[in-house]
Structures are given as C-alpha cells and as structure tokens.
1. To the nearest 0.05, how large is the calculated FRET efficiency for GLU223 and LYS404 if R₀ is 45 Å and r is the Cβ-Cβ distance?
2. For the range 239-437, which whole-number percentage of the solvent-accessible area (1.4 Å probe, protein heavy atoms only) is attributable to carbon and sulfur atoms?
3. Under the rule that an exposed site lies in a DSSP loop and has at most 11 other Cβ atoms within 10 Å, name the longest stretch of the chain with no GluC sites (Glu not before Pro) of that kind, not counting the sites themselves.
4. Would you rank LYS384, LYS74 by solvent-accessible area, highest first, keeping every protein chain in place and using a 1.4 Å probe?
5. In Å, what Rg and Dmax follow from the Cα atoms of the chain?
6. Using mean Cβ contacts within 10 Å as the protection proxy, how do 105-113, 347-355 order, highest first?
7. Viscosity 1.567 mPa s, temperature 4 °C: give me the Stokes-Einstein translational D for the range 1-112 in µm²/s, with Rh taken as the Kirkwood radius over C-alpha pairs.
8. Using just the helices of the chain, give the 222 nm mean residue ellipticity in deg cm²/dmol: DSSP H runs with n ≥ 4 each add -39,500 (n - 2.57), and the total is spread over all residues, rounded to 500.
Amino acid sequence: MTNTVVRYEPRGAAAELFRARDPELCIVGAAGTGKSLACLYRMHLIAIQNPQFRGLIVRKTAVSLTSTTLVTFKKKVVAEAVAAGVVRWYGGSQQEAAGYYYENGAVINVGGMDKPEKIMSSEYDLVFADEATELTVDDWEAIGTRLRNGGLSWQQQMAAANPGHPTHWLKLRADEGKLRMLTSVHRDNPRFVNADGTLTSDGVAYMAKLDALTGVRRLRLREGKWAAAEGLIYEEWDPTTHLVDKSVIQPGWTRWLVIDFGFTNPFCAQWWAEDGDGRLYLYREIYKTKTLVEDHARHILSIVAPGGKWIEPKPRAVICDHDAEDRATLERHLGMSTSAASKTVKDGIQATQARLRPAGDGRPRLFICQDALVERDAALVEAKRPTCTVEEITGYIWDAQPGKQPKEAPVKADDHGMDTMRYMVAERDLGGRPSMRWLT
Ligand SMILES: Nc1ncnc2c1ncn2[C@@H]1O[C@H](COP(=O)(O)OP(=O)(O)OP(=O)(O)O)[C@@H](O)[C@H]1O
Ligand SMILES: [Mg+2]
C-alpha cells in the first residue's frame, strides 16, 4: 500500500515539525501558514508507514473538528488513499470512536474533548490537537495520559494554533520549556508564497483579507503575535468559566430570543435560557450575513417549531433592535410579537460586566454554550471576521481615539453579538422597557 502518492512539500516550520520528536510540540502562527495541513500530513504519512500506529485528531468540540480540520483531512490529505481503498472511514459506535482505518492496520481516531469518553478510552502514539488555544491545560494533560500505545518508538502530543493572549497556558508552557513551539509563517505555505518570496495569486487575495483586519485580530491572525487587546471591555471573560456544554440547559427553564438586524453586517439571533436563579445561558445562535429577515424568520421557525410544532419552550419575549421595517417583517413571518430592546450602551455594558464577574456563590451570572452557533457563515470565515458572539468578545474594546472620554463607548466594529447580548442583559437587569413605542 505504500505506493499511494503523497504530494506535499513541507517548508520551514512545517518541515521542522516532520523531524521533531519532542514529547510536546505546538506549531503556532498567523492564519493560513499551513499549520493544520502539516500536522494532518504528518499523521497520515506515519499511519501509512507504521501498521501498529494509533493516532488521534482532536479539537475542543466534535462539531468544530468535523466542520474544519476533518474537512481538510478528507479533501486534501486522504482523498486519494480513500479512493484507492487504502483508507476507510468508520463512523464509530456507542463504544468506539470514529476514525480512519488503514489497510495496513494503522488507525487514526477523531473526536472532541466535549465527549471525551470514547477518545480517552484508547491509547495513542501521536495526538494532533487543532486550534489548541481552545483547550484547557487540563484537557491537554488528560490527552497526555493516553500516549502509551507503543506502536512507534516515540510518542508525541502535537498541536496547531493561532496565537492568543500572551498569558495563555500554551505560551507559558513553552516559556517554561515543557513544550516546544515552532513558529510558522506565510512563506512556509507554497499555496500563498512562491519559493522566491513573492505572493502567488491566491496569496495576494488571502493577504488582502488579513490586511483588512484591525485590532487584536490583526496582530494575531496577520502578524502571528501573542497579543492582548488594549482596552478590552469584557476583561472578566474567561472561556474556562463562561463557556459551558449545552447539556446544562434544562427543559423547564425560561427562554428568550434576542435579535439584532443586519444584512451586510451579520444578523444576530440569540436564544437564551434562564435558570431558576436568574443565570443566563446563550444556547443557540444565528450569526449570518446577506440573508433577508423573512428567510431568517423561516429558519428560526424550522429550528424551534419544525412542522409547526414547538419542540422547546416558546420565548417569553422576542427582544429586537429598533428597525421598524425589519421588526414588522419579522413579526409577520414569525407570527409573534416583539418588544424593543433597551439599547443604552454604557449601563448595558456595566450590567453585562457585572454578570460575568463571579457572584457570591463563586459562579458568574452569564454563560455561553459551546457550539451554540447553528451554522458558520462561509463569507465571514473567508474574511477571517468573527463568526459568532464568542469570537467577538476578545476583540471588543473601548474607543480610545483622541477626544473620546475613556471607557465611554466601544469601538463600533465586530460588535453584533455584543449588542445582542447586551439587549438580553438589559432586559433582565436594567428594568423597564424604553419609552419608545413601535407603531404599526
Ligand atoms: N505545503 C503546502 N502545499 C500546498 N498547499 C498548502 C500547503 N500548506 C498549506 N496549504 C494550503 O494553504 C491553505 C491554508 O493551510 P492550513 O489550513 O493548513 O493553514 P493554517 O495555518 O492551519 O490556517 P489557520 O491559521 O486558519 O488554522 C489550505 O488551503 C492548505 O491546503
Ligand atoms: Mg488551521
């Protein structure tokens, strides 16, 4: 079977990755430098050459793995081997993890840390964690305990990531010398940069998108720097505390639907559940550009009331941004009335900050569920813009332009989920609807 042709030229950090035997390794860099592809090819080549090999490809959640990393693996890495019958996909069972099974006996399992039982019951030689900044250090160390298969003479935990906050555990682990960090740059990627350093035509288009980014997203995704946003509004946000599994939502909890209209900018619809103690959980979200309000309304109904029958509690209120025409269209197509959001910014932000801080019982009052997003907007992915509320939080900053009062107003960019979330909090914490009335 080793006559399967593999067409892949690793360069720079990717070539170094292929040689590395360090027990913990992370390839880090700006967007599109070829990190994921390098790790995936390495996995595949080792599987082809080692019949006893068992590998694991993992991400924070199974859904995110399937929609990103595994698409690349399937289309760009194993497509020919699958067509030749050398590799077979197995979808898994109650007990067994899904994975790619090689004719020679090697196996690459796949899974998310949100459902650890299946993947953590096996032992591996090599693990690849994609987008590793999403993992907690506990996830990483738990994965490490599974590295003892003995199918290779060495074992390794390999990760790929864009840089995050300068004090992220992954960066600190590298600084402490426990993990080796390889820095991947755009010239390592032959799709975007020619051997002489000039950009390919794909590279010109891709870099133009990265050049259009601003703030901390630009520093991390364009320049590959471990950077913190200056003047971050939600400093209290900590994904290890505030990001929770959807299974926490109980059927009896009160529901709210909150909507911020947009067409060129994303339309954002957030479903919130409220527990008996008044804590709020964002459990579902539509975040999408270039779609008519009536189509959004149909989509919303197809989720909550497929075939006309509600499958979850109806929201106590549908809270909306004020655009009269959009509200009228939404009401007509949803068959529900809506109420106008309280849109004052400064007190809304303060109330949201207060909810993010741990209360007397040590728990915050606002959470976001992992994989709340219904469907990722391909245009936003392409443009490297935030694709959901969570992705806005770490770039949401105070406007510090000369002449502005400090901490008075946020920068008005990539703030659609932020506005929507604030309307939800205002509804519960700021009391009283705005006096503005909406007339048909
Ligand atoms: N050595 C290579 N040869 C040909 N194409 C490559 C190579 N490396 C990467 N690419 C292509 O470049 C694009 C970006 O690669 P990849 O997704 O691996 O980047 P990444 O660094 O993981 O990006 P992100 O930071 O967004 O996760 C993909 O289309 C990939 O197929
Ligand atoms: Mg990647």
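1. Values: r = 26 Å, r/R0 = 0.57.
With R0 = 45 Å, the Cβ-Cβ based efficiency is 0.95.
2. On the way: 4590 of 9070 Å².
Solvent-exposed carbon and sulfur of the range 239-437 make up 51 percent of the total.
3. Details: sites that count: GLU176, GLU230, GLU408.
Value returned for the longest uninterrupted segment is 231-407.
4. Numbers: LYS384 50, LYS74 130 Å².
Descending accessible area places them as LYS74, LYS384.
5. 23.4, 73
6. Working: 105-113: 21.7, 347-355: 18.8.
Per-residue Cβ counts within 10 Å, averaged per peptide and sorted highest first, yield 105-113, 347-355.
7. On the way: Rh = 14.6 Å.
In µm²/s, the coefficient is 88.
8. On the way: 16 runs with 133 residues, N = 440.
The helix contribution divided over the chain gives -8000 deg cm²/dmol.
The values are calculated or read from the model by the stated rules, or taken from the named source; none is laboratory data. Quick caveat: nothing in here was measured; it's all calculated off a predicted structure. We place every Cβ from the backbone using ideal geometry, glycine too, and count neighbours over all the protein chains shown. In case anyone asks, the SASA skips ligands and DNA or RNA and just uses the protein heavy atoms, side chains included. Shrake-Rupley method; radii C 1.70, N 1.55, O 1.52, S 1.80 Å.
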